[in-house]
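Each remark here refers to the structure printed beneath this line.
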Amino acid sequence: MRIGILGAGGMADALGTQWARAGHEVMVSGRDPGRSAAQAARMTAGAGAEVRAGSFAEAAGSGEVVVVAVREEGLLDTLQAAGAALRGKALIDVTNANPMEYDLTRSHARLIGDVTGGHVVKAFNLCHVDVWRMTPPVFDGRPLAVPLCGDDPGALAAARTLVAGLGCTPVDGGGLGRAALLEATAAFMIGLWFGGADAQAVLPPLASSGTHEPA
Ligand SMILES: NC(=O)c1ccc[n+]([C@@H]2O[C@H](COP(=O)([O-])OP(=O)(O)OC[C@H]3O[C@@H](n4cnc5c(N)ncnc54)[C@H](OP(=O)(O)O)[C@@H]3O)[C@@H](O)[C@H]2O)c1
């Protein structure tokens, strides 16, 4: 799959290197061509497969699927620079808001969909960048599960392929309307981690989580 990444920072590096290693064609992008090219060269060396660098518009145009991996403060400018190529495309939103200034009324995923007209899937926002560098992320013998929130079947299929490329297991998290819950979960969990708590310990195992009707 051709993957355009809006961003050339830590998340672009971690995810893009793994996807390139898994055989996907990856292009990263940032504001500074020299910095993006240097990032692509490091990823090429790490993946053993070519990773290209381009402008935001070039990455948006080149990708069958486009991953939004920029900081919140640059989100709108980046989408604007990426331009019309995002319309109708599968967009994977990995972004998080600053957990200390989190605003429950604003969803990045919804904003990205509204601004671009793309088919957004929220994913990969729950774990620290170092987890996405693991090959594969497996804890206590269980592959990491990655919840996906989106409405478009084609975009969800692309997201599942990207999850599989990391050796993780996709989990249906519901429609795009639930992406805000994924964003709020990240803000809450990051707050716990920053405070030194074991965030994973706040939830019981499935067998002890009460009685549920089968899905
Ligand atoms: N780091 C994590 O552990 C983690 C985990 C899950 C989700 N996320 C989310 O993933 C997204 C990317 O995180 P990251 O760790 O990859 O960040 P990063 O390493 O700081 O990279 C940020 C990227 O955003 C771009 N950007 C565009 N406009 C910007 C602006 N006005 N100010 C700052 N940066 C701007 C940067 O472009 P240049 O290349 O031109 O500088 C850079 O490519 C964020 O939304 C973050 O919340 C991060």
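The values are calculated or read from the model by the stated rules, or taken from the named source; none is laboratory data. Keep in mind that what you see is a predicted model, and the values were worked out from it rather than measured. Glycine also receives a Cβ, built like all others from the backbone with ideal geometry; neighbour counts cover every protein chain displayed.
Some observations on this one:
- Qualifying residue in the stretch 165-185 (condition: touching a Phe, Trp or Tyr at 6+ places or on another chain (Cβ under 6 Å) and over 15 Å from Val146 (Cα atoms)): no
- Selection from the stretch 119-131 of residues that are surrounded by 23 or more Cβ atoms within 10 Å (Cβ to Cβ) and part of a helix (DSSP H, G or I): none
- Taking the stretch 151-172 as the range and being part of a strand (DSSP E or B) and surrounded by fewer than 18 Cβ atoms within 10 Å (Cβ to Cβ) as the test, the residues that pass are Thr169, Val171, Asp172.
- Residue in the stretch 118-129 that is touching a Leu at 6+ places or on another chain (Cβ under 7 Å), at positive phi and modelled with pLDDT of 95 or more present: yes
- Applying the condition of being under 18 Å from Val146 (Cβ atoms) and in a helix (DSSP H, G or I) to the stretch 70-111 and asking which residue is farthest from the ligand (Cβ to nearest atom) yields Ala109.
- Checking the stated criteria, Leu148 turns out to be more than 14 Å from the ligand (Cβ to nearest atom) and either part of a helix (DSSP H, G or I) or modelled with pLDDT of 95 or more (or both).
- Any hit, the stretch 42-55, residues being in a helix (DSSP H, G or I), surrounded by fewer than 17 Cβ atoms within 10 Å (Cβ to Cβ) and of a type in the set (Asp, Glu): no
- Hey, Val67 touching a Phe, Trp or Tyr at 6+ places or on another chain (Cβ under 7 Å) and not in a helix (DSSP H, G or I) or not: no
- Some residue of the stretch 181-195 being in a loop (DSSP other than H, G, I, E, B) and not basic (Lys, Arg): yes
- Residue in the stretch 36-52 that is more than 9 Å from the ligand (Cβ to nearest atom), more than 18 Å from the chain's Cα centre (by Cα) and either basic (Lys, Arg) or within 20 Å of Asp93 (Cβ to Cβ) (or both) present: yes
- Those residues of the stretch 53-68 which are within 11 Å of the ligand (Cβ to nearest atom) and within 12 Å of Ile112 (Cα to Cα), in sequence order: Val67, Val68
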